[in-house]
1. One residue is enough: does segment 100-115 have a residue meeting the conditions in a strand (DSSP E or B), within 19 Å of GLU7 (Cα to Cα) and out of contact with any His (no Cβ under 9 Å at 6 or more places or on another chain)?
2. Here's a check for you: in segment 28-57, which residue that is at pLDDT below 95 and closer than 25 Å to GLU92 by Cβ is surrounded by the most Cβ atoms within 10 Å (Cβ to Cβ)?
3. Among residues belonging to segment 64-96 that are among the hydroxyl-bearing types (Ser, Thr, Tyr) and assigned to a helix (DSSP H, G or I), point out the one that is farthest from ALA13 (Cα to Cα).
4. Going through segment 62-98 one residue at a time, which ones are aromatic (Phe, Trp, Tyr) and closer than 17 Å to ARG23 by Cβ?
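The values are calculated or read from the model by the stated rules, or taken from the named source; none is laboratory data. These figures come from a predicted structure and were not determined experimentally. Here the Cβ positions follow ideal geometry from the backbone for every residue, glycine too, while neighbour counts run over all protein chains shown.
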Amino acid sequence: MAVNRRELKRYLARVADRWPIDRAWLGGAQVDDERGLGPQRERGPEFVVVLVSEAFAGVPWLERVYVAGSLWDVLEMGHPADVHCYTPSELERKRETLKRVRRVLETGLELTTAPVG
């Protein structure tokens, strides 16, 4: 099953209504499936979203994740998402310490190449 890119654009627009998004990536088992990786792997979460915004500075991490996660449309996408929201400097630290984030940045779909919002 292909990843619903139309809904991904709508999701990014909903998030960008709250915070301008500098960068965004999508990874997870659904992206791996679309790329043809075999079933003989540990699946992990179906979707992992990494959002980066300078505007997250000063916003408590749990608030960012709750709001951005609540904007994800599970019915349209077929599965929930593990959402990560970082400032650029936080992302650099998390890239080193969180394997899931590092993998999304290395193998996931980059959803933005220019700021959204």
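1. Yes: one or more hits.
2. The extreme case among them is GLY28.
3. Going through the qualifying residues, I end up with SER89.
4. The one that is aromatic (Phe, Trp, Tyr) and closer than 17 Å to ARG23 by Cβ: TYR86.
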